[in-house]
């Protein structure tokens with residue numbers, strides 16, 4: 001997998017969990033909040049260096065993954081709830 005595909009994927013996954021966490025927070029689902037918040041922080045710890053020192057194109061690719069991850073997070077939680 002290319003470096004940019006990995007960047008897109010990590011952006012997707014991180015913001016997926018942000019979207020999921022937001023919905024869990026609004027519904028007072030404590031276990032969901034606990035797990036998703038942990039995963040957000042863990043994934044962020046891997047992403048911060050890649051994005052901070054990346055090119056503008058790297059940041060755009062990360063943002064595209066994050067945008068899609070947000071929509072996917074909302075969609076998947078709406079299926080469950």
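For segment 48-81, give me each residue that is free of Cβ contacts under 8 Å to residues at least 40 places away in the same chain and touching a helix residue (DSSP H, G or I) at 6+ places or on another chain (Cβ under 7 Å). Once the filter is applied, which keeps residues that are free of Cβ contacts under 8 Å to residues at least 40 places away in the same chain and touching a helix residue (DSSP H, G or I) at 6+ places or on another chain (Cβ under 7 Å), segment 48-81 yields only 59.
Would you check if residue 16 is in a helix (DSSP H, G or I) and under 9 Å from the mean Cα position of the chain (by Cα)? Here the answer is yes, as residue 16 does meet what is asked. Only a single criterion out of (1) without any contact (Cβ under 8 Å) to a residue 24 or more places away in the chain; (2) touching a helix residue (DSSP H, G or I) at 6+ places or on another chain (Cβ under 8 Å) is not satisfied by residue 28, namely (2). Considering the conditions (1) more than 16 Å from the chain's Cα centre (by Cα); (2) modelled with pLDDT of 90 or more, residue 53 is excluded by exactly one of them, (2).
The values are calculated or read from the model by the stated rules, or taken from the named source; none is laboratory data. Not measured: the values here are computed from a predicted model. Cβ: placed from backbone, ideal geometry, glycine included. Neighbour counts: every protein chain shown.
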